[in-house]
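J.: First the structure, which I've put down as structure tokens, then a few questions once you've had a look.
Derivation of every value follows stated rules applied to the coordinates shown; laboratory data play no part. Note that the structure is predicted; figures quoted are calculated from it, not measured. Quick reminder, even Gly has a Cβ in these numbers, built from the backbone with ideal geometry, and neighbours come from all protein chains shown.
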Amino acid sequence: MKATIFDIERNSYVDGPGIRTTVFFKGCNLRCVWCHNPESQSPKPQMMFYKNKCTGCGKCKERCPNNLEKCGLCGKCTLYCPHDAREICGKEYTVDEVIREILKDKAFYDNSDGGVTFSGGECMLQIDFLEEILKECKKNGIHTAVDTAGYVQFEYFERILRFTDLFLYDIKCFDSEKHKQYTGVGNESILENLKRLLTTKKSVWIRIPIIPMVNDTEEELQKIKSFLEACQSPKKIELLPYHAMGEHKYEAIGKEVQMFAVPSEEKMMRLKKIFS
Ligand code: SF4
Ligand code: SF4
């Protein structure tokens with residue numbers, strides 16, 4: 001069994017407790033216009049070309065079997081480019097290959113109450129692989145977290161509940177029409193899945209990206225707060241300010257980027273107070 005993964009990041013401190021390894025699955029069923037990992041959206045491996053690094057030396061074209069006209073993802077240009085301007089994003093991994101990478105930092109997880117986080121993209125879309133790798137992690141005594149936008153059938157949650165210690169669950173907007181406008185899908189099933197997940201008493205951290213002009217108002221966050229109060233409470237609520245660090249990646253995959261203002265610290269403090 002294999003999964004398409006685009007990054008395995010060691011020493012991560014942002015995707016759950018302690019020191020973690022984060023495994024990024026390729027493929028997502030949302031299209032958030034502020035996405036900072038746009039290369040995660042397509043489920044297939046793809047070429048990324050960083051124009052700003054390219055000197056025009058032509059070495060890639062000399063080596064490419066298709067004269068750079070059609071990419072078959074053979075990877076030759078990436079080997080011969082002297083400036084790392086070309087990169088193939090996404091590679092198939094077996095469960096054994098991923099667990100080997102994860103186990104390299106077992107001592108760090110043990111000493112920091114850390115573990116592994118499966119993220120994306122939407123890692124739940126490759127549910128068979130996710131279930132297997134979670135089982136392997138638990139066999140090896142590793143704390144597991146699943147980072148999800150929740151837009152999948154609830155049966156997928158049921159399949160992995162026993163092997164998942166923590167869910168990181170995104171809420172992007174409360175109003176479904178607005179959610180559809182900015183992510184491509186309505187949020188009814190996302191909120192329903194969250195409600196059901198919270199009744200299982202599993203640890204859940206809610207993550208809300210704060211995007212100016214989309215969801216950065218007190219009114220919007222009050223609605224999310226009221227919804228959460230009516231459910232079983234999640235363990236933690238994190239507000240994550242928008243950042244523009246994914247900008248260059250849009251160009252590298254030939255997509256247009258939509259930019260937003262970065263929320264001020266003062267605004268973030270004010271919004272965080274709503275949940276304190
Ligand atoms: S990956 Fe292979 S086919 Fe694609 S552009 Fe590079 S050399 Fe050409
Ligand atoms: S080898 Fe690299 S630097 Fe040279 S033309 Fe190709 S992408 Fe640009």
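J.: For HIS143, enumerate residues with amide H under 5 Å from its amide H, sequence gap 5+ or separate chain, H modeled in the peptide plane.
T.: Here VAL116 satisfy the definition.
J.: ³J(HN,Hα) across region 30-47 via Karplus (A = 6.51, B = -1.76, C = 1.60, θ = phi - 60°), whole Hz, x for Gly/Pro?
T.: Running phi through 6.51 cos²θ - 1.76 cosθ + 1.60 with θ = phi - 60° gives 10, 9, 4, 6, 9, 3, 9, 10, x, 6, 7, 6, 6, x, 9, x, 8, 7 Hz.
J.: With each label point set 7 Å from Cα along the Cα-Cβ vector, what nm distance links LEU161 and MET269?
T.: 4.2 nm
J.: Please give the helix 218-230 orientation as an angle from the longest Cα principal axis of the chain, in degrees from 0 to 90, rounded to the nearest 10.
T.: 70 degrees
J.: Taking the simple approach of a point 7 Å from Cα along Cα-to-Cβ for both ASN52 and LYS138, what is their distance in nm?
T.: 4.4 nm
J.: In a Gaussian network model over the chain where Cα atoms closer than 10 Å are linked, find which of CYS57, CYS89, CYS123 has the largest mean-square fluctuation.
T.: Result: CYS57 has the largest fluctuation of those listed.
J.: In a shell of Cβ-Cβ distance under 12 Å around MET47, excluding MET47 itself, what net charge do Lys and Arg (+1) and Asp and Glu (-1) give? Intermediate results must be reported in sequence, preceding the final value.
T.: Working: positive: LYS44, LYS70, LYS76, ARG86; negative: GLU39, GLU87.
Neighbourhood net charge equals +2.
J.: Once you've got the Cα coordinates, tell me which of LYS139/LYS201; LYS70/LYS106; LYS2/LYS249; LYS91/LYS273 are over 30 Å apart.
T.: Details: LYS139/LYS201 22 Å; LYS70/LYS106 42 Å; LYS2/LYS249 25 Å; LYS91/LYS273 42 Å.
Going by Cα-Cα distance, LYS70/LYS106; LYS91/LYS273 fall outside the 30 Å limit.
J.: Using Cβ contacts closer than 10 Å as the measure, can you line up MET268, MET47, MET124 from fewest to most?
T.: Fewest-to-most Cβ neighbours within 10 Å comes out as MET268, MET47, MET124.
J.: Taking every pair of alpha-carbon atoms in region 1-134, what share in percent sits in each 10 Å bin, from 0 to the bin with the longest distance?
T.: Bins of 10 Å from zero give 12, 34, 32, 19, 4, 0 percent of pairs.
J.: Projected area of region 48-88, taken from the Cα convex hull and averaged over every viewing direction, in nm²?
T.: The directionally averaged projection comes out at 2.5 nm².
J.: At q = 0.17, 0.27 Å⁻¹, work out log10 I(q)/I(0) for region 220-276 with the Debye formula, treating every Cα as an identical point scatterer and leaving solvent out; two decimals please.
T.: Per q value, in the given order, log10 I(q)/I(0) is -0.72, -1.08.
J.: Follow-up. What share of Cα pairs, in percent, lie more than 21 angstrom apart in region 56-120?
T.: On the way: 1030 of 2080 pairs.
Summing the P(r) tail past 21 Å for region 56-120 gives 50 percent.
J.: Mind ranking 90-99, 13-22, 164-173 by how tightly packed they are, going by the mean number of other C-beta atoms within 10 angstrom, highest first?
T.: On the way: 90-99: 16.8, 13-22: 19.8, 164-173: 21.6.
Ranked from most to least packed, the peptides come out as 164-173, 13-22, 90-99.
J.: Let me ask something else about it. Please build a GNM for the chain, connecting alpha carbons under 10 Å apart, and tell me which residue among GLU188, GLU265, GLU220 fluctuates the most.
T.: Fluctuation is largest for GLU265.
J.: Moving on. May I ask you to derive the FRET efficiency for SER203 and VAL262 from their Cβ-Cβ distance with R0 = 25 Å, giving the value to the nearest 0.05? Write out the running numbers ahead of the final one.
T.: On the way: r = 30 Å, r/R0 = 1.20.
So, using R0 = 25 Å, E works out to roughly 0.25.
J.: Another one. Please report the spacing between the Cα centers of region 23-98 and region 153-192 in Å, no decimals.
T.: Cα centroid to Cα centroid, the span is 29 Å.
J.: Which residues' amide hydrogens lie under 5 Å from the amide hydrogen of LEU240, considering only partners 5 or more residues apart or on another chain, with H built in the peptide plane?
T.: ILE208, ILE210
J.: Averaged over all directions, how much area does the convex hull of the C-alpha atoms of region 80-154 cover when projected, in nm²? Please report the intermediate quantities before stating the final value.
T.: Details: hull surface 28.6 nm².
Result: a mean projected hull area of 7.2 nm².
J.: Counting C-alpha atoms alone, how compact is the chain: give Rg to one decimal and Dmax as a whole number, in angstrom.
T.: Spelled out, the Cα radius of gyration and Dmax of the chain are 19.8, 62 Å.
J.: Turning to a different aspect of this structure: Assuming R0 = 51 Å, what is the FRET efficiency of GLU69 and LEU103, from their Cβ-Cβ distance, to the nearest 0.05?
T.: On the way: r = 42 Å, r/R0 = 0.83.
That gives a FRET efficiency of 0.75.
J.: So, one more: Can you tell me the relative contact order of the chain? Whole percent, Cα pairs under 8 Å, sequence separation 6 or more. Don't skip to the answer; put the middle values down first.
T.: Numbers: 500 pairs, mean separation 55.9, N = 276.
The normalised contact order for the chain reaches 20 percent.
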